[in-house]
Amino acid sequence: MEELLIPADADEAREPGRPGTADSVKEALQSACGASVRTYLKQYVKRNGLLTLSVLGVATGCVLGYMLRGLDMSTQAKMYFSFPGELLMRMLKMLILPLITSSLMSGLSSMESKACCRMGVLTVTYYLWTTFIAVVVGIVLVLIIKPGYGTEMEGNRLGGGPVMTSADALLDLVRNMIPSNLIEATFQQYKTDLIPILRTQATTKQPSFVYLMPDEENPKGRTVLLELTPPPDIHYKTIPGSSQQMNVLGIVIFSATMGLLLGKMGERGAPLVNVCQCINECVMKIINAAVWYFPFGIVFLVAGKILDMEDPSTLGRKLGWYTVTVLGGLFIHGLILLPFFYFLLTRKNPFSYIRGLLQAMVIALATSSSSATLPITMKCLLENCHVDRQIARFVLPVGATINMDGTALYEAVAAIFIAQVNEYELDFGQLVTISITATAASIGAAGIPQAGLVTMVIVLTSVGLPPDDITLIVAIDWILDRFRTMINVLGDALAAGIIAHLCRKDFPRDTGGKPSGPSQGAQNLENVPLIAGKDCIFEVVGDTVIERPTVYYNICQV
């Protein structure tokens, strides 16, 4: 019986030429995972490996944050837990200043004045147009959905304090365009402060009220004189102040002006241009090395924000429809209108272009700062979307400063939501005022987390709404801030693609995909004389020789 079950010789028991079970499984796996599949997996990991890790980091951060909410961690423990995410934000903010200055100076210095002016006018016009469209979308949605009606007003709101007027805020925007101290602009910006001045009124000698108070000794009552102190008369005085935020707008305008003037200086400005190009290249290399830390930092950045969040059920009950309105407006503007504008102006598939921007959008979702996402957006445009380097260096820094589509839409929705909560009817003129002030206020909004709450005061005071009611939406603002930052980054990147298409004749490309450079003085290598009749400088690029103007130095320069 044992001989029938277990053969004495295993080789004889197995039929010749018939593979074993392990060999069959191995051959099946090899046939299923052929060379083409392995090649596809390698290419996918090479192209989208970092994007996949970033998305997994966001998902892991959300799950980890909700799991740790039940532990009731102390404030100090939350700070320690969020430390890797804080390092991520500091790393991104460190690269903002050198990237903006080097990109604008080196990019504009290599452009012709006519091409630069045309690109600048197209860029600013497109940004203002899309921002105004975003405001209109937000106003239409909030008037249709009406999320403010039926919302309970909280009793523990902030008391009335000094409120900056719209005129002061707009004047501060203009002042920040021309910083008085360039070094100071790297870490703070101008802001008008309101100082309360207390003026006491003179007390009256005559009593204000006379009462007859009966008691046991005087049943008919006795005379009680009551003197009321008048309330203090408070006046606010405006004095120059500052806020601890980088003045990005002033730095952008200064760098753009320097770049234009360096281009006009020609060879004399070439050393500084070369320095800016080297700085820009070094920053991009730092970004390429630092991006591999992002998936790890994103986990703790997102989880730390969720730990600080209030009860989600309470937020959903109070501000559920408001959140739906804002997210719906951002979805319509970011995934329908902006791609439609891109297709209308370029006749190209917008979603294949957006696919190369997913890494930047994930970073924007995690950091909620368009300025901090600027290095990653630049990297995606140059490597994935293949936008001309000169155009990306100009359009992206300007867009990160003045193009805030999501912020403008959010401010318009929030202003009308606060009006609906207070049962305040807005007429057509006030709606037009909100649309204009929201567009202007979004330009002055800094590219930092929750900067829209600061500029919200301009929109509210323009139509007579109480600025203290901003506290109604503070609890949900940090979530919505991440989604509107994604729309801001998407709008900047799509604008770069549109401007690159419209200005393609001003920036021609050769077969290698690089800018061909100026064509004046270009001639074939075979036709260049060995001995020229005058002093010249020739630059050899491949098989092409470009004649440069003669440079003369005096003794002092040598």
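Okay, here's what the table says:
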{"item": "Cleavage-rule hits (GluC sites (Glu not before Pro)) in the range 55-152: DSSP loop, at most 15 neighbouring Cβ within 10 angstrom", "result": "112, 152"}
{"item": "Full-stretch length increase - residue 288, residue 117 - with 0.36 nm per residue and alpha-carbon distance subtracted", "result": "58.4 nm"}
{"item": "Highest-first arrangement of 341-350, 401-410, 236-245, 386-395, where packing means the average Cβ count within 10 Å", "result": "401-410, 386-395, 341-350, 236-245"}
{"item": "Length released on extending from residue 90 to residue 187, taking residue separation times 0.36 nm less the Cα-Cα span", "result": "33.6 nm"}
{"item": "The range 376-450 - percent of accessible surface contributed by carbon and sulfur, probe 1.4 Å", "result": "54 percent"}
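The values are calculated or read from the model by the stated rules, or taken from the named source; none is laboratory data. Just so you know, these numbers come straight off a predicted model, no measurement behind them. Every residue, glycine as well, gets a Cβ built from its backbone with ideal geometry; the counts of neighbours run over all protein chains shown. Note: accessible area is taken over every heavy atom of the protein model, side chains too, but ligands, DNA and RNA are not part of it. Shrake-Rupley method; radii C 1.70, N 1.55, O 1.52, S 1.80 Å.
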